[in-house]
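Beneath this line is the structure, given in structure tokens, with notes to follow.
The values are calculated or read from the model by the stated rules, or taken from the named source; none is laboratory data. Treat the numbers as computed from the prediction; the structure is a model and nothing was measured. Neighbour counts are summed over all protein chains in view; Cβ atoms, including those assigned to glycine, are modelled from backbone coordinates with ideal geometry.
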Amino acid sequence: MPTRRCVYFANHSSHGDFILIWTVLPSRLRRRVQPVAGADYWLKSPLNSFIGRDVFNAVLIERDREARKEDPVTQMTQALDAGSSLILFPEGTRNLTEQPLQPFKSGLFHLARARPDIDLVPVWIDNLNRVMPKGEFVPIPLICTVTFGEALHIGETEEKADFLARAEAALLALAPKRAGD
């Protein structure tokens, strides 16, 4: 696990994903980690806003391009430059499909280009979608796991499609093998 600022990028199946990653980090790291999250969800109610903004100090991204007042990459680089690490979900939204991952949005690539020295740490979260299914508020007592991989960096001339494919592969390599895989 990195001891300096980095970007943890993970699969996304539950609103509890960033909380799970945050809680498994050592407390000395946790204080300087900010999740990157959709403003539309985390600002929709006073409770969500309190949790996202006040408890976790989330970098809230406006997903509606027309409504954006700030560039998302600028928001993330400002947090990194201030000394924070980030938790990022490159799929851009929760994956409620049978596929292990949805195609990555380009944000991880643009962030890697903007800060090529930052460690990009893949993190696989397994089973949280069953512990905290969409629409539920009470967790089901099942075991979930968080697996951290080796840090990636963008190649100097690496193209977007190649980088995102490599990042997806690094993340999928951490997924547990199931019967029939």
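Annotations for the structure displayed:
- Answer residue from region 1-12, given it is in contact with a helix residue (DSSP H, G or I) (Cβ under 8 Å, 6 or more places away or on another chain) and more than 13 Å from VAL123 (Cα to Cα) and is surrounded by the most Cβ atoms within 10 Å (Cβ to Cβ) among those: ARG5
- Look at region 38-66: where a residue is farther than 22 Å from LEU25 by Cβ and a partner is part of a helix (DSSP H, G or I) and of a type in the set (S, T, N, Q), sitting 6+ places away or on another chain with Cβ atoms under 9 Å, you get TYR41/ASN48; LEU43/SER49.
- Residue count for region 25-40, restricted to those that are crowded, with 16+ Cβ neighbours inside 10 Å and assigned to a helix (DSSP H, G or I): 2.
- When restricted to residues that are free of Cβ contacts under 8 Å to residues at least 24 places away in the same chain and buried (at least 18 other Cβ atoms within 10 Å of the Cβ), region 76-101 contains 0.
- Residues of region 60-106 that are under 20 Å from PHE148 (Cα atoms) and small (Gly, Ala, Ser): SER84, SER85, GLY92.
- Residues that are without any contact (Cβ under 8 Å) to a residue 60 or more places away in the chain, assigned to a loop (DSSP other than H, G, I, E, B) and not β-branched (Val, Ile, Thr) do not occur anywhere in region 6-18.
- Members of region 44-68 found to be small (Gly, Ala, Ser) and within 18 Å of the chain's Cα centre (by Cα), listed by number: GLY52, ALA58
- Note on region 52-73: residues that are part of a helix (DSSP H, G or I) and either surrounded by fewer than 16 Cβ atoms within 10 Å (Cβ to Cβ) or among the basic types (Lys, Arg) (or both) amount to 6.
- Residue selected from region 107-143 under the condition more than 14 Å from ALA167 (Cβ to Cβ) and not in a loop (DSSP other than H, G, I, E, B), by the criterion modelled with the highest pLDDT: ALA114
- Index of the failed condition, PHE163 passing every other in (1) under 15 Å from the mean Cα position of the chain (by Cα); (2) modelled with pLDDT of 95 or more; (3) crowded, with 20+ Cβ neighbours inside 10 Å: (1)
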